[in-house]
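K.L.:
Please see the structure below; I have some questions.
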Amino acid sequence: MRVFVTGASGWIGSAVVPELIGAGHEVVGLARSDASAAALIAAGAEVRHGSLDDLDTLRSAAAESDGVVHLAFKHDVAFSGGFADAADADRRAIETFGEALAGSGRPLVIASGLAGLNTGALATEETMPDPDSPAGHRTLSERAALALASSDVRSSSLRLPPTVHGAGDAGFMAMLVGVARDKGVSGYIGDGANHWPAVHRADAARLFRLAVESAPAGTVLHAAAEQGVPLRDVAEAIGCGLGVPVVSVDPADAGEHFGWLGTFLGFDVLASSDRTRELLGWEPTHQGLVEDLDQGHYFGVAVS
Ligand SMILES: NC(=O)c1ccc[n+]([C@@H]2O[C@H](COP(=O)([O-])OP(=O)(O)OC[C@H]3O[C@@H](n4cnc5c(N)ncnc54)[C@H](OP(=O)(O)O)[C@@H]3O)[C@@H](O)[C@H]2O)c1
């Protein structure tokens, strides 16, 4: 297949690209800068220059492909107070891909998140996120993607855990390590019994490949290698890695201690991936979150 990948230069995209190429596919990656274009060429991909706002570029690149993997997200906008704007751009891109792929039966796989399933109960692929949750605005993107199944697009939504971990991660886990380093303590909120699902980046990349190859139209997939790691276990692994005390932070002080990350750290998300595994034969093979933290790379320790 010739697969158009947005966000191909990002943390997950830079694992998805070699995963696709290694399985014999061709990749065309969207790049908005020369640096991202150079990284894609070095990875063996072709480059389509443009941004998420260039809808004509997205439309023609999708039309010329055998399928689309959509990973780009305006994190810079989202994390500076513009979450709804970033989510709107995401949805517009998905609708544009839908126009280009309608009637073709070709695949569109979008990245979405498990964080919107913050209920403390075990969420399955059939659980629909609460649009009023803190991450709720983005659920409109998932709905838009799944609705494309009725226009003969083989669309799927791949829900990622809040942490897609591994060596080189600059996401939530790296941010949490940064807070612990700055504060001199590794914190968890309350009793730390709340959970986050987790997946290693390489296992997530394999699931994206399996999805573009064969996920049925209108499918929700859960990339939960671990259904829920208690946040206290995470704080202990970080405390051990940095050599700092592990402390409970009162929920009322979470915003002051963790900044905006505090909202996410208070989430209690448990997610099953049984249906995903059964449907696509996905079996995660890489280390779990705590084991990955124990390897030392999050703390500047070289991994041999
Ligand atoms: N990492 C996680 O733990 C995690 C968890 C849950 C969900 N997700 C979701 O998974 C997807 C991939 O995440 P990631 O961690 O790989 O993100 P990332 O490392 O921040 O990469 C984002 C990608 O999007 C591209 N991008 C950003 N703004 C763009 C724009 N205006 N136009 C075109 N491209 C743009 C970036 O291009 P440049 O190279 O030019 O910056 C980069 O390739 C996102 O939808 C994210 O929200 C990630």
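K.L.:
List the pairs whose first member sits in the stretch 126-141 and is farther than 16 Å from Ile110 by Cα, whose second member is modelled with pLDDT of 80 or more and part of a helix (DSSP H, G or I), and whose Cβ atoms are under 6 Å apart, counting only residues at least 6 apart or on separate chains?
P.N.:
Pro131/Thr139; Pro134/Thr263
K.L.:
Just to be sure before I move on: is Gly10 small (Gly, Ala, Ser) and either more than 10 Å from the ligand (Cβ to nearest atom) or in a strand (DSSP E or B) (or both) in the structure I sent?
P.N.:
Considered against the rule, which asks whether it is small (Gly, Ala, Ser) and either more than 10 Å from the ligand (Cβ to nearest atom) or in a strand (DSSP E or B) (or both), Gly10 comes out as no.
K.L.:
Report yes if Gly103 is in contact (Cβ under 8 Å) with a residue 40 or more places away in the chain, in a loop (DSSP other than H, G, I, E, B) and within 12 Å of the ligand (Cβ to nearest atom), otherwise no.
P.N.:
Spelling it out, it is not the case that Gly103 is in contact (Cβ under 8 Å) with a residue 40 or more places away in the chain, in a loop (DSSP other than H, G, I, E, B) and within 12 Å of the ligand (Cβ to nearest atom).
K.L.:
Take the residues in the stretch 204-225 that are surrounded by 20 or more Cβ atoms within 10 Å (Cβ to Cβ) and of a type outside the set (A, V, I, L, M); name whichever of them is nearest to Ser156 (Cα to Cα).
P.N.:
Filtering the stretch 204-225 for residues that are surrounded by 20 or more Cβ atoms within 10 Å (Cβ to Cβ) and of a type outside the set (A, V, I, L, M), the one nearest to Ser156 (Cα to Cα) comes out as Thr219.
K.L.:
Filter the stretch 53-77 for residues that are in contact (Cβ under 8 Å) with a residue 12 or more places away in the chain and part of a helix (DSSP H, G or I) and give the result.
P.N.:
Leu55, Thr57, Leu58, Arg59, Ser60, Ala61, Ala62, Ala63, Val77
K.L.:
How do the helices (runs of 4 or more DSSP H) wholly within the stretch 121-224 filter down when requiring 2 or more residues that are at pLDDT 95 or above, away from the ligand (no atom under 16 Å from the Cβ) and of a type outside the set (A, V, I, L, M, F, W, C): which remain?
P.N.:
Where helices (runs of 4 or more DSSP H) fall fully within the stretch 121-224 and carry at least 2 residues being at pLDDT 95 or above, away from the ligand (no atom under 16 Å from the Cβ) and of a type outside the set (A, V, I, L, M, F, W, C), they are 172-183, 201-214.
K.L.:
Please enumerate the residues belonging to the stretch 106-120 that are touching a residue at least 60 places away in the same chain (Cβ under 8 Å) and away from the ligand (no atom under 16 Å from the Cβ).
P.N.:
Selection gives Pro107, Thr119, Gly120.
K.L.:
Does Leu280 qualify as being at pLDDT 95 or above, surrounded by fewer than 22 Cβ atoms within 10 Å (Cβ to Cβ) and within 30 Å of Ala147 (Cβ to Cβ)?
P.N.:
Against the criterion (at pLDDT 95 or above, surrounded by fewer than 22 Cβ atoms within 10 Å (Cβ to Cβ) and within 30 Å of Ala147 (Cβ to Cβ)), Leu280 qualifies.
K.L.:
A further question follows. For the list (1) more than 21 Å from Asp203 (Cα to Cα); (2) crowded, with 17+ Cβ neighbours inside 10 Å, I need the number of the one condition that Ala15 fails.
P.N.:
In the conditions (1) more than 21 Å from Asp203 (Cα to Cα); (2) crowded, with 17+ Cβ neighbours inside 10 Å, Ala15 misses (1) alone.
K.L.:
Now a separate question. With in contact with a Leu (Cβ under 8 Å, 6 or more places away or on another chain), β-branched (Val, Ile, Thr) and surrounded by 15 or more Cβ atoms within 10 Å (Cβ to Cβ) as the only criterion, which of Val244, Val290, Val229, Val249 stands out?
P.N.:
Val229
Residue by residue, here is whether (1) in contact with a Cys (Cβ under 9 Å, 6 or more places away or on another chain); (2) touching a residue at least 40 places away in the same chain (Cβ under 8 Å); (3) of a type in the set (A, V, I, L, M, F, W, C) holds:
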{"residue": "Glu236", "(1), (2), (3)": "no, yes, no"}
{"residue": "Val246", "(1), (2), (3)": "yes, yes, yes"}
{"residue": "His257", "(1), (2), (3)": "no, yes, no"}
{"residue": "Trp260", "(1), (2), (3)": "no, yes, yes"}
{"residue": "Gly266", "(1), (2), (3)": "no, yes, no"}
{"residue": "Asp274", "(1), (2), (3)": "no, yes, no"}
{"residue": "His286", "(1), (2), (3)": "no, yes, no"}
{"residue": "Val290", "(1), (2), (3)": "no, yes, yes"}
{"residue": "Gly300", "(1), (2), (3)": "no, no, no"}
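K.L.:
Given the criteria within 11 Å of the ligand (Cβ to nearest atom), surrounded by fewer than 16 Cβ atoms within 10 Å (Cβ to Cβ) and within 16 Å of the chain's Cα centre (by Cα), does Phe79 qualify?
P.N.:
Yes.
K.L.:
Identify all residues within the stretch 40-73 that are within 13 Å of the ligand (Cβ to nearest atom) and buried (at least 20 other Cβ atoms within 10 Å of the Cβ); write none if there are none.
P.N.:
Result: Leu40, Ala45, Arg48, Leu52, Leu58, Ala61, Val69, His70, Leu71, Ala72, Phe73.
K.L.:
Is it fair to say Ser36 is within 11 Å of the ligand (Cβ to nearest atom), outside any loop (DSSP other than H, G, I, E, B), of a type in the set (Gly, Ala, Ser) and touching a Ser or Thr at 6+ places or on another chain (Cβ under 6 Å)?
P.N.:
yes
One line per residue, one yes/no per condition, for (1) farther than 20 Å from Leu52 by Cα; (2) not β-branched (Val, Ile, Thr):
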{"site": "Ala100", "(1), (2)": "no, yes"}
{"site": "Val109", "(1), (2)": "no, no"}
{"site": "Ser112", "(1), (2)": "no, yes"}
{"site": "Pro129", "(1), (2)": "yes, yes"}
{"site": "Ser151", "(1), (2)": "yes, yes"}
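K.L.:
Could I ask something else about it? Give Asp34, Asp90, Asp76, Asp53 a once-over and let me know the one that is of a type in the set (D, E, K, R), under 29 Å from Leu270 (Cβ atoms) and out of contact with any strand residue (DSSP E or B) (no Cβ under 6 Å at 6 or more places or on another chain).
P.N.:
Testing whether each residue is of a type in the set (D, E, K, R), under 29 Å from Leu270 (Cβ atoms) and out of contact with any strand residue (DSSP E or B) (no Cβ under 6 Å at 6 or more places or on another chain) leaves just Asp90.
The values are calculated or read from the model by the stated rules, or taken from the named source; none is laboratory data. Please read all numbers here as calculations on a predicted model, not as lab measurements. Ideal geometry is used to build each Cβ from the backbone, glycine not excepted, and the neighbour counts take in all protein chains shown.
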